[in-house]
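Data block below; observations after.
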Amino acid sequence: MKTQLEQARANIITEEMRTIAISEDIEPSQLCSLIAQGKVVILKNKIHGIIPSGVGVGLRTKVNANIGTSELCNNLPVEIEKLKIAQDNGADVLMDLSTGTGIDATRKEIMKHSIIPVGTVPIYQAMVEAYTKLGDMRLMNEDLLFEVIEKQCADGVDFITVHCGVTREVVRQLDDSDRLTGVVSRGGSFLAKWIRETKKENPLFEHYDRLISIAKKYDVVLSLGDGLRPGSLADATDRAQIQELIILGELTKKALDQGVSVMVEGPGHVPIDQIETNIRLQKELCYGVPFYVLGPLVTDIAPGYDHITAAIGGAWAAFFGADFLCYVTPAEHLGLPSVQDVKDGVIVSRIAAHAADVAKNRKYRSWDDKMSRARKNLDWETQLKLAVDPDTARQVRTKKNPEKHSACSMCGEFCSMK
């Protein structure tokens with residue numbers, strides 16, 4: 001069976017395309033054309049029974065939520081609870097970033113409970129297995145890495161983050177740079193350390209055709225990871241980041257030429273005045289494929305509030321053309337997020353995405369207009385139902401207004417709407 005990209009190029013409108021076209025209020029033929037150009041990807045493994053999600057130009061900005069175990073916090077029931085709250089609060093996509101024990105079992109349980117697309121970062125499992133089974137991460141090799149990738153795709157994962165641009169030459173130049181925070185990507189740091197100590201080339205780069213072959217077999221989207229994304233404002237848009245991006249652009253074309261859909265991942269920590277430049281560079285160098293950004297965080301000083309700094313950057317990034325926002329939670333830089341952190345991260349990222357969508361296309365403003373009419377009419381029940389987080393809005397309304405009033409406790413009888 002051909003990939004969605006190959007079918008789009010043959011002008012075949014698939015069931016998945018029709019489903020996405022309906023949900024996105026776009027003509028199926030237009031969507032098919034965008035997929036054929038690589039500007040839209042469909043997140044759905046051939047064997048994963050979920051409703052597909054479309055990411056790319058002309059579609060609603062999507063939001064991803066990260067969950068997963070760690071060595072210090074390995075509680076699968078809690079991660080499933082995070083999954084459910086992320087889905088219930090409107091996350092479009094989920095990523096399993098588990099590094100705790102039982103990674104295979106964790107992923108399969110997450111896949112079983114998820115009704116939205118799931119992504120993974122295979123290098124995590126490969127490095128963990130090299131360390132736990134072989135005693136040394138340096139013993140990770142090409143075969144172990146690609147066995148993990150095949151296994152995850154065979155489990156139904158819809159997209160994989162692969163740090164193909166962390167090459168020997170990039171690492172060499174990185175080591176000669178004056179970066180303030182070095183490598184902050186976990187996958188990028190794994191590979192940079194492995195390259196330094198083994199003196200070998202990154203298998204994901206050296207054997208990229210093997211990676212393409214697996215992705216094509218399952219119609220898994222390759223999300224080309226930004227292993228050298230900036231981890232501080234001081235490092236934004238530096239030589240290492242751009243050099244990696246140039247390589248990812250070359251690899252994007254190679255995958256597209258072979259019928260495999262691609263996204264490219266981006267920063268990171270970026271000051272507001274550099275966000276537009278970052279988006280334009282990615283779109284130009286990477287043939288217009290969807291851009292998936294972490295934040296970006298627009299200041300480095302807000303631990304505990306980094307979901308807000310990321311939402312500010314995310315709104316700007318999406319307005320300038322980013323297609324996919326990876327949420328950031330209040331626990332960013334501090335620890336593994338709680339269930340409440342996951343909810344907060346999803347909600348603020350959805351607000352950022354919607355704010356950008358409204359600015360780009362007036363059709364997305366209908367939700368806002370409905371809310372405004374309800375406010376004008378002092379229709380509190382409709383306002384609460386329309387809220388991006390109805391439960392929180394209702395709790396605040398009840399707490400601040402113990403007695404029922406047509407207005408609210410802020411203005412009372414002097415309400416401007418009255």
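Of these, Glu197, Glu147, which one is in the same structural domain as Gly266 (by TED's automatic domain parsing), closer than 30 Å to Asp300 by Cβ and without any contact (Cβ under 8 Å) to a residue 60 or more places away in the chain?
Glu197
So, in segment 123-143, how many residues would count as being within 24 Å of Gly335 (Cβ to Cβ) and touching a helix residue (DSSP H, G or I) at 6+ places or on another chain (Cβ under 8 Å)?
Total meeting the criteria: 7.
Only one of these is under 21 Å from the mean Cα position of the chain (by Cα) and either more than 18 Å from Tyr327 (Cα to Cα) or loosely packed, with under 15 Cβ neighbours inside 10 Å (or both): Lys46, Lys62, Lys2. Name it.
Lys46
Condition first: in a helix (DSSP H, G or I) and under 19 Å from Thr181 (Cβ atoms). Now tell me which residues in segment 282-320 satisfy that.
Residues of segment 282-320 in a helix (DSSP H, G or I): 282-285, 306-320.
Across segment 282-320, the qualifying residues are Asp306, Thr309, Ala310, Gly313.
Starting from segment 309-325, take each residue that is modelled with pLDDT of 95 or more and list its partners that are part of a strand (DSSP E or B) and of a type in the set (Lys, Arg), counting only C-beta distances under 6 angstrom and pairs at least six apart or across chains.
Short answer, once both residue conditions are applied: Phe324/Lys62.
I need the full set of residues from segment 356-398 which are in contact (Cβ under 8 Å) with a residue 60 or more places away in the chain and not charged (D, E, K, R), in order please.
Listed by number, the residues that qualify are Ala356, Tyr364, Val388.
Please determine, by comparing only the residues of segment 388-409 that are small (Gly, Ala, Ser) and loosely packed, with under 15 Cβ neighbours inside 10 Å, which one is farthest from the chain's Cα centre (by Cα).
Among those residues, the one meeting the criterion is Ser406.
Looking for something buried (at least 18 other Cβ atoms within 10 Å of the Cβ), of a type in the set (Ser, Thr, Tyr) and on the phi < 0 side of the Ramachandran plot - is there at least one such residue anywhere in segment 70-87?
So far as segment 70-87 goes, no, none of its residues is buried (at least 18 other Cβ atoms within 10 Å of the Cβ), of a type in the set (Ser, Thr, Tyr) and on the phi < 0 side of the Ramachandran plot.
Applying the selection to segment 365-405, what residues are part of a loop (DSSP other than H, G, I, E, B) and not acidic (Asp, Glu)?
Asn377, Leu378, Ala387, Val388, Asn401, Pro402, Lys404, His405 - these are the residues of segment 365-405 that are part of a loop (DSSP other than H, G, I, E, B) and not acidic (Asp, Glu).
A quick yes/no check of all residues on (1) outside any loop (DSSP other than H, G, I, E, B); (2) more than 29 Å from Ile351 (Cα to Cα); (3) free of Cβ contacts under 8 Å to residues at least 12 places away in the same chain; (4) in the same structural domain as Ser189 (by TED's automatic domain parsing):
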residue: Ala65; (1), (2), (3), (4): yes, no, no, yes
residue: Pro77; (1), (2), (3), (4): yes, no, yes, yes
residue: Leu83; (1), (2), (3), (4): yes, no, no, yes
residue: Leu94; (1), (2), (3), (4): yes, no, no, yes
residue: Ser98; (1), (2), (3), (4): no, no, no, yes
residue: Asp104; (1), (2), (3), (4): yes, yes, no, yes
residue: Lys108; (1), (2), (3), (4): yes, yes, no, yes
residue: Tyr131; (1), (2), (3), (4): yes, yes, yes, yes
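Being assigned to a loop (DSSP other than H, G, I, E, B) and at pLDDT 95 or above, is that true of even one residue in segment 246-257?
There is no residue in segment 246-257 that is assigned to a loop (DSSP other than H, G, I, E, B) and at pLDDT 95 or above.
Give the residues of segment 171-194 that are surrounded by 20 or more Cβ atoms within 10 Å (Cβ to Cβ), in contact (Cβ under 8 Å) with a residue 40 or more places away in the chain and under 21 Å from Ile149 (Cβ atoms), sorted by residue number.
Ser185, Gly187, Gly188, Phe190, Leu191, Trp194
Restricting attention to segment 19-34, report how many residues are within 17 Å of Ile51 (Cβ to Cβ) and either of a type in the set (A, V, I, L, M) or free of Cβ contacts under 8 Å to residues at least 40 places away in the same chain (or both).
9
Given the conditions (1) closer than 30 Å to Val358 by Cα; (2) touching a Leu at 6+ places or on another chain (Cβ under 7 Å), which single one is not true for Gln87?
So the condition that Gln87 fails would be (2).
The values are calculated or read from the model by the stated rules, or taken from the named source; none is laboratory data. None of the values given here were measured: they were computed from a predicted structure. All Cβ positions, glycine included, derive from the backbone under ideal geometry; neighbour counts span all protein chains shown.
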